[in-house]
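Below you'll find the structure, written out as structure tokens, and then a few comments.
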Amino acid sequence: HVMRYKNNDQIIGIVEGEGHYLASLMINSKQVVGKIIKKIDRDNDLKADVILVCALLKGDKFELALQKACELGVKEIYPYQAKRSIVKIDQKGEDKKIARWQKIVKEAAEQSERITLPKVQNIIKLDDLIKIEADVKLLAYERESETSTSKLYNILNHQLDKKKIVVVIGPEGGFDNSEIKKLLENGFESISLGKRILRAETAAISLLSTIAFMLERRI
């Protein structure tokens, strides 16, 4: 809030897609102007484009997943109308929802000092999901027979040089069997996040945290 600042106070500002700048404030009764002093060399983007496909969730759970995904470095977010999604959004209400979600992502990006602002795409269904192209396509599946997380680590260890990773998180009721079949047939790898069943929003945070850690460990 501007009222907390005085003339010549210095702040760090973010210009989307360009980076961080140190600026000095010039304040009068009509306007506030930031005079750029210097650019700060701070590249905090992940070394791969991480895309989150998250099924629509009840209440504020989806918004929590969006916020944390942004903080963890994702580049794009696709809301997914899964077969078992309890939440249903018609075309009439979609634009309003997308605008709200983009606002949440923008605020999270500013708080975490992201250089790039993640894009919230339009709501997609299964036929759209299988068309998303990526080098690594991960499907968090609560009924994956291999409950060890070693499969996930092995995939990430051997694929960290790839440039695009897509992560799919299902709804509260889990994936429908027909969804799993179709996704596996289209190059998605089913992985477990451990022996415990996680809430959808927790699964998103857990998997994205692991990917961010593995990517940044290689820097």
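The values are calculated or read from the model by the stated rules, or taken from the named source; none is laboratory data. Computed from a predicted structure; not experimentally measured. All Cβ positions, even for glycine, are placed from backbone atoms using ideal geometry, and neighbour counts span all protein chains on display.
Some notes on this structure:
- Candidates SER209, SER190: the one that is within 18 Å of LYS151 (Cα to Cα), surrounded by fewer than 18 Cβ atoms within 10 Å (Cβ to Cβ) and not basic (Lys, Arg) is SER209.
Let's see how each residue does on (1) closer than 22 Å to CYS70 by Cα; (2) among the aliphatic types (A, V, I, L, M):
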position: VAL120; (1), (2): yes, yes
position: LEU129; (1), (2): yes, yes
position: LYS137; (1), (2): yes, no
position: THR149; (1), (2): no, no
position: GLU185; (1), (2): no, no
position: LEU198; (1), (2): yes, yes
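- Given (1) surrounded by 13 or more Cβ atoms within 10 Å (Cβ to Cβ); (2) at negative phi, number of the condition LYS131 does not satisfy: (1)
- Some residue of region 169-181 being outside any helix (DSSP H, G or I), surrounded by 18 or more Cβ atoms within 10 Å (Cβ to Cβ) and in contact with a Cys (Cβ under 8 Å, 6 or more places away or on another chain): yes
Yes/no per residue for (1) more than 15 Å from the chain's Cα centre (by Cα); (2) farther than 24 Å from THR210 by Cα; (3) in contact (Cβ under 8 Å) with a residue 12 or more places away in the chain:
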site	(1), (2), (3)
LYS103	no, yes, no
GLN111	no, no, yes
ASP161	yes, no, no
LEU184	yes, no, yes
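- Restricting attention to region 37-56, the residues that are surrounded by 11 or more Cβ atoms within 10 Å (Cβ to Cβ) and modelled with pLDDT under 75 add up to 5.
- Residue within region 71-87 that is within 16 Å of the chain's Cα centre (by Cα), at positive phi and surrounded by 19 or more Cβ atoms within 10 Å (Cβ to Cβ) present: yes
- Of the set (1) crowded, with 18+ Cβ neighbours inside 10 Å; (2) closer than 22 Å to LYS61 by Cβ; (3) among the polar types (S, T, N, Q), all apply to GLN111 but (1).
- Elements of type helices (runs of 4 or more DSSP H) contained in region 56-159, each with 1 or more residues being within 24 Å of ILE197 (Cβ to Cβ) and in the same structural domain as PHE175 (by TED's automatic domain parsing): 61-71, 126-129, 150-159
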